[in-house]
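Right, one structure below, let's go through it.
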Amino acid sequence: MAVEELQSIIKRCQILEEQDFKEEDFGLFQLAGQRCIEEGHIDQLLEIIQNEKNKVIIKNMGWNLIGPVVRCLLCKDKEDAKRKVCFLIFDLLVKLCNPKELLLGLLELIEEPSGKQISQSILLLLQPLQTVIQKLHNKAYSIGLALSTLWNQLSLLPVPYTKEQIQMDDYGLCQCCKALIEFTKPFVEEVIDNKENSLENEKLKDELLKFCFKSLKCPLLTAQFLEQSEEGGNDPFRYFASEIIGFLSAIGHPFPKMIFNHGRKKRTWNYLEFEEEEDKQLADSMASLAYLVFVQGIRIDQLPMVLSPLYLLQFNMGHIEVFLQRTEESVISKGLELLENSLLRIEDSSLLYQYLEIKSFLTVPQGLVKVMTLCPIETLRKKSLAMLQLYINKLDLQGKYTLFRCLLNTSNHSGVEAFIIQNIKNQIDMSLKRTHNNKWFTGPQLVSLLDLVLFLPEGAETDLLQNSDRIMASLNLLRYLVIKDNENDNQTGLWTELGNIENNFLKPLHIGLNMSKAHYEAEIKNSQEAQKSKDLCSITVGGEEIPNMPPEMQLKV
């Protein structure tokens with residue numbers, strides 16, 4: 001019935017001119033064709049499409065069948081023979097139909113799916129989409145629309161994190177990345193080969209650059225890379241990153257200029273609309289690019305070897321700041337790797353204090369503190385602590401002094417403050433052992449720093465338990481100074497400040513300890529009375545009552 005219906009519509013349209021086809025005819029053609037597929041009359045549909053007499057009708061109306069044919073191909077229940085015929089129909093429709101209509105039809109089909117079907121749809125439609133775009137005259141607009149649609153869909157897929165997830169590729173992202181490179185290559189080659197620099201070619205270049213920068217952000221900003229020793233050349237994200245950076249250097253500016261000039265007042269790119277419109281995205285993309293080049297070593301051979309380690313550190317600090325502002329484990333990890341890579345290139349104590357006048361040189365250590373104190377992942381907290389210590393080691397004495405003051409004022413965390421105080425103690429120890437005078441960790445400068453260390457934030461009412469790390473580190477430093485600095489020498493200036501230290505730190509601490517002791521004695525008394533009256537409160541977790549704590553344990557606590 002469906003075949004007869006389709007043939008009837010075609011017979012009526014065969015006698016009409018192209019411009020006389022009615023909207024009603026398009027709708028009837030689509031319905032009849034769809035029913036042919038649903039009812040299994042695929043062979044007859046193929047014959048109708050192959051018939052030379054129907055060429056004009058198929059050219060104008062055939063694109064309406066793309067949706068039903070693609071859905072048939074994506075349906076795994078279909079028999080192999082029927083799928084084979086469907087593939088033939090699909091190829092013919094791509095070959096015969098109006099490319100403009102086909103483009104929109106294919107992009108709609110790419111936008112439709114969700115979950116694991118996204119990659120299945122993309123892998124099926126990329127090759128036909130490439131064929132259709134190559135037929136169009138307004139190629140820049142078409143490629144821009146296609147790449148934007150593809151990227152939007154791919155950005156919905158979860159990025160595999162572990163080696164096993166990458167190898168399994170459950171959602172097909174890795175396969176799609178590889179296929180996307182093959183899809184884009186001919187258009188990149190077209191831009192390179194076109195020496196005329198026509199307006200259309202510039203627009204095409206612009207769309208390709210946008211896509212490359214988007215790809216650096218997603219999936220490459222969060223993607224993990226296999227160890228080069230174990231990848232055996234099979235890391236899909238390394239391949240994708242290498243090709244994307246290759247595209248950028250082929251159609252953009254020379255690679256060193258591209259990577260180093262972004263963010264300066266004089267912009268690298270001529271496409272100002274692109275820069276201003278997506279500046280935040282571009283910051284993420286450039287950070288991702290810096291990581292790929294300097295940590296993963298992708299295309300690093302294209303950079304001049306004369307760049308100083310301090311220049312590279314200064315260049316990368318802004319990117320490290322971008323990484324540390326994110327919350328994803330893989331992104332923070334990349335920021336820490338890039339920082340380590342940059343710091344290991346320079347000598348200890350060689351980073352001049354003037355660098356701390358650059359915003360990122362203070363925001364990065366503050367970012368490390370946030371990771372150390374707020375990140376739920378222990379490995380990242382430990383790595384951040386190690387990186388902060390490495391950063392401190394690279395600063396000169398005035399730089400160390402300045403950073404210590406900054407972090408004591410801004411960290412608001414007892415453990416971090418204890419870490420800084422321990423570093424101050426280490427610097428004082430080295431200063432006392434040196435023959436030449438070090439003005440930053442002896443004398444008046446040190447006294448000023450000790451004012452930040454030897455005090456209680458809220459006087460006698462300071463929560464001693466909450467601030468125990470900081471207080472113990474301060475007492476340890478004070479004890480060290482009394483033992484190591486002879487009163488007659490007074491190199492540190494401690495002995496002239498003992499009165500102030502007594503009033504501002506030791507007396508309030510003594511009062512606080514007495515208050516704390518009285519508080520816990522009252523708690524012990526209350527606990528003992530509660531035991532006598534057996535008036536014990538019960539605790540319920542997840543609907544189950546937890547047994548009361550034994551009286552001996554309560555007193556111990």
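The values are calculated or read from the model by the stated rules, or taken from the named source; none is laboratory data. Values in this document were obtained by computation on a predicted structure and should not be read as measured data. Using ideal geometry, Cβ is built from the backbone for each residue, glycine included, and neighbour counts are taken over all protein chains shown. Each accessible area value is taken on the protein alone, full model and side chains, heavy atoms only, with ligands, DNA and RNA left out. Shrake-Rupley method; radii C 1.70, N 1.55, O 1.52, S 1.80 Å.
Of all the accessible heavy-atom surface of region 114-170, with the other protein chains kept in place and a 1.4 Å probe, what percent is carbon and sulfur?
52 percent
With each label point set 7 Å from Cα along the Cα-Cβ vector, what nm distance links L156 and L498?
7.4 nm
What number comes out for accessible area per residue over region 397-528 if the probe is 1.4 Å? Units Å², please.
54 Å²
Ignoring any ligand, DNA or RNA, what whole percent of the accessible area of region 397-528 comes from carbon and sulfur when the probe is 1.4 angstrom?
Of the solvent-accessible surface of region 397-528, carbon and sulfur hold 50 percent.
Which lysines does K95 reach when only Cα atoms under 19 Å apart count, and residues fewer than 8 places away in its own chain are ignored?
K53, K55, K59, K84, K135, K139
What's the tally of Lys pairs in region 397-528 whose alpha-carbon atoms lie under 29 angstrom apart, where the two lysines are 8 or more places apart or on different chains?
Lysine pairs satisfying the spacing and distance rule in region 397-528 number 14.
Add +1 for every Lys or Arg and -1 for every Asp or Glu among the other residues with Cβ under 14 Å from the Cβ of Q422, and state the total.
Residues close to Q422 contribute a combined charge of +1.
Can you list the lysines whose alpha carbon is less than 16 Å from that of K257, not counting same-chain residues fewer than 8 positions off?
K265, K266
Can you classify region 346-487 as rounded, prolate or oblate using the Cα gyration tensor, where a ≥ b ≥ c are the square roots of its eigenvalues, rounded means a/c under 1.5, and otherwise it's prolate if a/b beats b/c and oblate if not?
The shape class here is oblate.
Report the label-to-label distance for Q354 and Q366 in nanometres (one decimal), using points 7 Å from each Cα along the Cα→Cβ vector.
2.3 nm
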